Amino acid sequence: MSFLVTRGLGKDYGKTTAVHALDLVVEPGEIFGFLGPNGAGKSTAIHMIAGVVTPSRGSASLGGRDLLTEGLLVRRQLGLVPQELALYEDLTALHNLEYFGALQGLKGDALKRGIDFGLAVAGLADRAQDRVSTFSGGMKRRLNLAASILHRPKLLICDEPTVGVDPQSRAHLFEALRRLNREENTTIIYTSHYMEEVQALCRRIGIMDRGRLVAMDSIQGLLAAHAQGGIELQVEGEIAAAASALGSDMPHHIDGRKLVFGDGIALSRLAARLENAGVTVSSIERRGNDLESVFLKLTGRALRDES
Amino acid sequence: MIVASIVKDIRLLLTDRGALASMFILPIAFITVFGFLFRGQGGDQDGKPSTQKVSVALYAPEGKELALAIAKKVEASPNLSIQRVDSEAEVDRLVSEKKAQVGLVIPADLDPKAGRPMQFWIDRAASAAEVGLAEGAVKSTAISAYFEERFPMAKAVGIPASEELVSDRAPTGLRKKRAKIDSFQITVPSNAVLFAFFMCIPIALSIAEERRLGTWKRLLSSPVGRRRMLISKLVPFFIVGLIQMLFLFGIGALVFGMQVSGSWPAVFLVAAATVFSAVGLGFFVASLGGSEKQVASLASVAMLVMGLVSGCMFPRAMFPEGVRSVGLAFPHGWALDAFQDALVREGTRIADVGLPILVILGLGLLYTAIGSRLFRFES
Ligand SMILES: Nc1ncnc2c1ncn2[C@@H]1O[C@H](COP(=O)(O)OP(=O)(O)OP(=O)(O)O)[C@@H](O)[C@H]1O
Ligand SMILES: [Mg+2]
């Protein structure tokens, strides 16, 4: 039986529709990725599942229990890692965890075990007595995760948990999530607007854009159905300036030092446009099949506006 | 979970020096400054023309020329609003029922030397400023009238009040009160009430901060019902408010020698009701939403205005007649009156402050109810 099922789940804020109608199925023990640009509706979608936002329509169930009518029971099995660093900076790590554990109904020995577990997963056991304000960004992110797993939730929802984190801390977080998934059989929903993250962590992903789920499949499935290669250009000088010389009829995005175009791009027109703008092209390459180009094809726009 | 919230919010408060200072140090500073400033009953006594007239119940039976002449002079005083009555008992009644601030009896056979002085009636348990104001206005008028009649020469000299000239009488319809009120019996409760309501600001700020931090999402996604969530958010502030009250009244009694002539249990119950009401008002402020900056600035202005009109800063008795009762629209005014009774009037029992306590609790419930209607869990 599927673990998480949503049917037509949607949310309106006044006249804006943050999420239209989400039909989602997540299997037990799965790591599911939610991919989408800023404002796509990722947070809203998972907030509806986590009980933070009341849906405007639709229904959802977790482990066979209805989210709306059995909310308290559902939320016992669920942990949310908010997009923000949802921690009290002026308290110690331990005091934060004591409080968040109590919110989950843990007390006494169970609370102590939960805290030890969380600290171990986050690799912060030796910093438990320190104030959070003295932590590095990466450590705060790890504690943000620890605070959500004290009760060993069956479903862990992570909302962009790696924002502002160095590669080392990111690797640590990923390892922690993989271990939770492997050893605790925790089902994980992971939102991000980083392709690499989702590609590295998830077997199946949903792509969101403008409040709609535009595709949902395994990575292989998505690549097979939608990948379309593409072209990568490197230019001399300011890449943003080069990009601004291109019109909206030439959909593209910037990836590091490269300008990336879909397969359908008219090369001769592109060359002329760049030459007119006085941009010198230093290299041109075909691009491999990847999720980035899948996204570009599905939505007609790049996943992220800048780098 | 509620215990954990209390522990957490008190820990957070302990790290917040600013909040601690404004809850505990600042009110003590106010109490100290105003307590010593008004020691010996206020500065309004020195004949400064007051903005409002003192109401006087005057009984001056037809008698000797002297009594008549003094009565006439008193009646002509621009500072006094005179109500002539027909008996001493009537004077007693009017002052007891607070229909007149002051009573003055000029005996027909007025003769201070022979032990027949004028009689001055006042409820000394009223606020110090009110007593000072009324006493100054009436006694000085009566005494100077006496001297003008008896010794026209004395007019220029400015003769001081003489005990044998005017004897003090206490209205019998009132419960007993101490002969003299000390200024701390006023500044301690006024500042305690004023600062208890300032609690609204940290309450609203704390909720706004949880939303900004994202810890609010942790609460919403936890298996805690929304009502319990709110209670656990408000109870810590109720406890801190009680501690604040205990602290202020404790310092008042132990350090400043504030007397409690009425009843400590009554003081405590009024304090608890006041804190309840302040927390309710804080929840209402929080339910209005807005950024932390907006909350801090708007709420502090609102708290100052409420404190002002209900007499936390200046006694309501100093306000013009029409404005005086406006203070009773807020729990502050009721709390001040109840504290006054519990501190100053001997023999005050809990039942005597029952009505104000009910009103204060009722207003607190009203704020909570409106807050619940307006409060948005999701923003
Ligand atoms: N509380 C709210 N009130 C009004 N509009 C909102 C609210 N929350 C989200 N929205 C709108 O809903 C849309 C989706 O927002 P959401 O935060 O779900 O996107 P997201 O995919 O998580 O974006 P990001 O990557 O920036 O976190 C946006 O247009 C946003 O402006
Ligand atoms: Mg988001």
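Each reported figure results from applying straightforward, stated rules to the coordinates on display, with no laboratory input. Predicted model, so just to flag it, every value in this text is computed and none were measured. Note that each Cβ is placed from the backbone with ideal geometry, even for glycine, and that neighbours are counted across all protein chains shown.
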Here the gain from full extension of residue A:244 to residue A:163, 0.36 nm per residue of separation minus their alpha-carbon distance, amounts to 26.4 nm
To the nearest 10 degrees, the tilt of helix A:108-122 (Cα long axis) against the first principal axis of the alpha carbons of chain A is 20 degrees
Label model pair residue A:110, residue A:126: point-to-point distance (7 angstrom along the Cα→beta-carbon line) in nm is 3.3 nm
The farthest towards the positive end of the charge dipole of chain B, of the residues B:240, B:306, B:87, given +1 on Cβ of Lys and Arg and -1 on Cβ of Asp and Glu, is B:240
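Set the Förster radius R0 to 22 Å, insert the Cβ-Cβ distance between residue B:212 and residue A:65 as r into 1/(1 + (r/R0)^6), and round the FRET efficiency to 0.05. Walk me through the intermediate numbers first.
Values: r = 31 Å, r/R0 = 1.43.
After rounding to 0.05, the efficiency reads 0.10.
Order A:267-275, A:86-94, B:198-206, B:254-262 from most to least packed using the mean count of other Cβ atoms within 10 Å.
Details: A:267-275: 13.7, A:86-94: 20.6, B:198-206: 24.0, B:254-262: 17.0.
Ranked from most to least packed, the peptides come out as B:198-206, A:86-94, B:254-262, A:267-275.
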Simple spin-label estimate for residue B:239/residue B:264, 7 Å along Cα→Cβ, in nm, reads 2.3 nm
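Subtract the Cα-Cα distance of residue A:174 and residue A:272 from 0.36 nm times their separation in residues, and report this length gain in nm to one decimal.
That pair, residue A:174 and residue A:272, stretches by 30.9 nm at full extension.
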Mean per-residue count of partner chain Cβ within 10 Å for A:45-57 equals 3
Relative to chain B, whose Cα atoms define the longest principal axis, helix B:184-198 and its Cα axis are tilted in degrees, nearest 10, by 30 degrees
Filtered pair list for the stretch B:53-169 (Lys only, Cα < 29 Å, 8 or more apart or interchain) has a length of 28
Whole-Å distance linking the alpha carbon centroid of the stretch B:256-330 with that of the stretch A:175-222 is 54 Å
Rounded to a whole number, the mean other protein chain Cβ count within 10 angstrom for residues of A:104-113 is 2
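Provide the FRET efficiency to the nearest 0.05 for the residue B:90-residue B:351 pair, computing r from the beta carbons and using R0 = 45 Å. Walk me through the numbers on the way to the answer.
Values: r = 29 Å, r/R0 = 0.64.
My answer for the efficiency is 0.95.
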Stretched fully, the stretch from residue A:203 through residue A:220 gains (0.36 nm per residue minus C-alpha distance, one decimal, in nm) 5.3 nm
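Inside 10 Å of the C-beta atoms of A:69-79, what's the mean count of C-beta atoms belonging to other chains? The partial results should precede the final answer.
On the way: counts 0, 0, 5, 4, 1, 2, 5, 2, 1, 3, 3.
Shielding by partners across A:69-79 averages 2.
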GNM of chain A, Cα pairs under 10 angstrom: of A:52, A:26, A:214, the biggest fluctuation goes to A:52
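Nearest 5 is fine: what % of DSSP beta bridges in the protein assembly as shown come out antiparallel, could you say? Numbers along the way, then the final one.
Details: 40 of 71 bridges.
Percentage antiparallel, nearest 5: 55.
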Given pairs A:11/B:8; A:112/A:140; A:42/A:107; A:15/B:293 and cut-off 24 Å on Cα-Cα distance, the over-length ones are A:11/B:8; A:42/A:107; A:15/B:293
Asserting the computed 222 nm helical MRE of chain B (DSSP H runs at least 4 long, -39500 (n - 2.57) per run, divided by residue count, to nearest 500) equals -18500 deg cm²/dmol
Rounded to the nearest 10, the angle in degrees between the Cα long axis of helix A:167-183 and the longest principal axis of the Cα atoms of chain A comes to 50 degrees
Between the modelled labels at residue B:37 and residue A:94 (7 Å from Cα along Cα→Cβ) the distance in nm is 4.7 nm
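So, R0 is 51 Å and r is the distance between the beta-carbons of residue A:57 and residue B:7; what FRET efficiency does that work out to, to 0.05?
Values: r = 40 Å, r/R0 = 0.78.
For residue A:57 and residue B:7, the calculated efficiency is 0.80.
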Dipole check, chain B, charges on Cβ (K,R +1; D,E -1), about Cα centroid: among B:186, B:377, B:115 the Cα furthest to the positive pole belongs to B:377
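For the peptides A:145-156, B:216-227, B:108-119, what is the packing order when you average, over each peptide's residues, the other Cβ atoms within 10 Å and list the highest mean first? Display every interim value, and only then the final one.
Values: A:145-156: 23.4, B:216-227: 20.5, B:108-119: 15.0.
Most protected by this proxy first, the peptides run A:145-156, B:216-227, B:108-119.
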